[in-house]
Amino acid sequence: MKPVEIADGIYWVGVIDWNIRDFHGYSTHLGSTYNAYLIMDEKITLIDTVKSEFTDDFLEKISAIVDPAKIDYVISNHTEMDHSGGLPQTMKRIGEDKPVFCSRMGHKNLSMHFTGKFNYTPVEDRGSLSLGKRSLTFLETRMLHWPDSMFTYVNENGILFSSDAFGQHYASVERFDDQLKEDIMPHAKKYFANILLLYSPLILKLVDRLKAMNLSPAMICPDHGVMFRENLGKIVNAYVEWSLQRPKRKAVIVYDTMWHSTERMAFTIAEAMGHAGVDVRPMHLRKCDRSDIITEVLDAGAVIIGSPTLNNGLFPTVSDFLTYMKGLKPRDKIGAAFGSYGWSGESVDLVNRALEDMKFNVLFPGLKIQYVPDYEGIATCKDFAEKIAQKLPLEA
Amino acid sequence: MSKYECTVCGYVYNPEDGDPDNGIEPGTAFENLPEDWVCPVCGATKDQFEKVA
């Protein structure tokens, strides 16, 4: 794919990864892109690189616009290797003495990734850099989502290069939000839920900060997926909404099962909650990917976990999911546990303890059924579901 | 009372502000933070903080 001119003299020079399906454990059903940008000015400037194995494709794209050796400045908004992996090979072509502008933490972190002694030039938060006709302002966005993360803003064009923020793992020939027939928002939501959820308080602060700076971006260009030029408010407002984590009348039932007993409980709870007007999603841990489950958890009011007891403990996939969810720090959720067991039945208590540890509002001691749920057991599941439904907000 | 900076993410602990979100009252010296206190931004442990000169 050719470079795409996104504004006068400013190009997308990223690459498309059509085939990636597992991005460090995050399922990328539709691939991804690694976006990088080239600004043609008196000082020719490259913003970010790509994952290392795509560097040839990337350099070819740049070469269609300008000989890489003529690039004067490189900016690294984020150290993670899907954006910096191509740096060593790229610097060889550009010239290893050329400055690499990055945040102070970027300097530190890039140095721990690459043995090459590049001309790292740390910039201050709100620092600026003149390219000739245009000027850039840098904004540190620490922990959104790495210590080194920063944004680069082109003042004259109102273009915000937002690094991973507002990104989506979505491979497409279309490069802009308005070109995609399929709504991009579910992919942006999944990205938020899996990468940024734990930093929700920082996102709210960042949005306030951007507002206070009176920036009026005409375009938001993230490092993954499409660029926003039509509806910037939509993605920014969605970030605020997701960060606020307002619980909806929605429950995610996350479970695994050995002989379908815990599953029968899950389905019974799901149906009863559905009848109580709850948007409910039963999600089997070996049929649904953890990153898809977390996307549903994002706006749910309740997370109900079902685990059989295996060898006196949790079912392994449940442990996996609990570990993953704990790190992402969802807030203001109701938690509940259920499960079938054979003879000891530890799993429900273990789930409850894990949920309490995550500061979930754990409603009950949990629902345990020995072996196969009978008529009475099914009735208990319905009652359990109805009690949770009563505690959920009325708003869908 | 000195400020301390997180060497991982650059967060600065200011004893005047404390860390109220995590139950640390304003006016708490860094030395008096509980040993299990972690950086409210990135989760780094206390030993990863350095005194701000």
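The values are calculated or read from the model by the stated rules, or taken from the named source; none is laboratory data. The structure presented is a predicted model; accordingly, all values stated were derived computationally and were not measured. Note that we place each Cβ from the backbone using ideal geometry, even for glycine, and neighbour counts take in every protein chain shown.
Structural remarks
- Just one of the listed residues (A:LEU202, A:LEU210, A:LEU206) is closer than 18 Å to A:MET150 by Cβ and more than 14 Å from chain B (Cβ to nearest Cβ), namely A:LEU210.
- Selection from region A:342-377 of residues that are surrounded by fewer than 15 Cβ atoms within 10 Å (Cβ to Cβ) and either touching a Lys or Arg at 6+ places or on another chain (Cβ under 8 Å) or aliphatic (A, V, I, L, M) (or both): A:ASP357, A:LYS359, A:PHE364, A:VAL372
- Residue within region A:342-350 that is within 14 Å of A:ALA302 (Cβ to Cβ) and in contact with a strand residue (DSSP E or B) (Cβ under 6 Å, 6 or more places away or on another chain) present: no
- Some residue of region A:64-80 being within 11 Å of A:GLY14 (Cβ to Cβ) and in the same structural domain as A:ALA36 (by TED's automatic domain parsing): no
- A:VAL66 vs. criteria away from chain B (no Cβ under 14 Å) and either crowded, with 22+ Cβ neighbours inside 10 Å or free of Cβ contacts under 8 Å to residues at least 12 places away in the same chain (or both): no
- Residue in region A:93-104 that is of a type outside the set (A, V, I, L, M), part of a loop (DSSP other than H, G, I, E, B), within 14 Å of chain B (Cβ to nearest Cβ) and over 23 Å from A:ILE195 (Cβ atoms) present: no
- Pair list, Cβ < 7 Å and 6+ apart or interchain, from region A:243-259 residues that are farther than 23 Å from A:SER200 by Cα to residues that are among the acidic types (Asp, Glu) and not in a loop (DSSP other than H, G, I, E, B): A:TYR255/A:GLU263; A:THR257/A:GLU263
- Here the condition is being touching a Leu at 6+ places or on another chain (Cβ under 7 Å) and not hydrophobic (A, V, I, L, M, F, W, C); of A:LYS189, A:LYS234, it holds for A:LYS189 alone.
- Residue among A:LEU210, A:LEU131, A:LEU202, A:LEU180 that is modelled with pLDDT of 95 or more and of a type in the set (A, V, I, L, M): A:LEU131
- Residue in region B:27-38 that is nearest to A:PRO122 (Cα to Cα), counting only those that are part of a loop (DSSP other than H, G, I, E, B) and touching a strand residue (DSSP E or B) at 6+ places or on another chain (Cβ under 9 Å): B:TRP37
- Test for B:THR7: is it within 20 Å of A:LYS108 (Cβ to Cβ) and under 10 Å from the mean Cα position of the chain (by Cα): no
- If you go through region B:12-26 and keep only what is modelled with pLDDT of 95 or more and not in a strand (DSSP E or B), you end up with B:ASN14, B:PRO15, B:GLU16, B:ASP17, B:GLY18, B:GLU25, B:PRO26.
- Cβ-Cβ under 8 Å pairs, at least 6 apart or on other chains, region A:93-110 side touching a residue at least 12 places away in the same chain (Cβ under 8 Å), far side part of a helix (DSSP H, G or I) and buried (at least 24 other Cβ atoms within 10 Å of the Cβ): A:VAL100/A:LEU87; A:LEU110/A:SER84; A:LEU110/A:LEU87
- Test: residue in region A:189-212 that is assigned to a loop (DSSP other than H, G, I, E, B), surrounded by fewer than 21 Cβ atoms within 10 Å (Cβ to Cβ) and free of Cβ contacts under 8 Å to residues at least 40 places away in the same chain: no
- Tally, over region B:11-47, of residues that are within 14 Å of another protein chain (Cβ to nearest Cβ), among the small types (Gly, Ala, Ser) and in contact (Cβ under 8 Å) with a residue 24 or more places away in the chain: 1
- Test: B:LYS3 is surrounded by 12 or more Cβ atoms within 10 Å (Cβ to Cβ), charged (D, E, K, R) and more than 14 Å from every other protein chain (Cβ to nearest Cβ): yes
- Taking the conditions (1) at positive phi; (2) within 14 Å of chain B (Cβ to nearest Cβ); (3) not β-branched (Val, Ile, Thr) in turn, A:GLY132 satisfies each one other than (2).
- Scoring B:GLU25 on the criteria (1) over 11 Å from the mean Cα position of the chain (by Cα); (2) surrounded by 12 or more Cβ atoms within 10 Å (Cβ to Cβ) leaves a single failure, condition (2).
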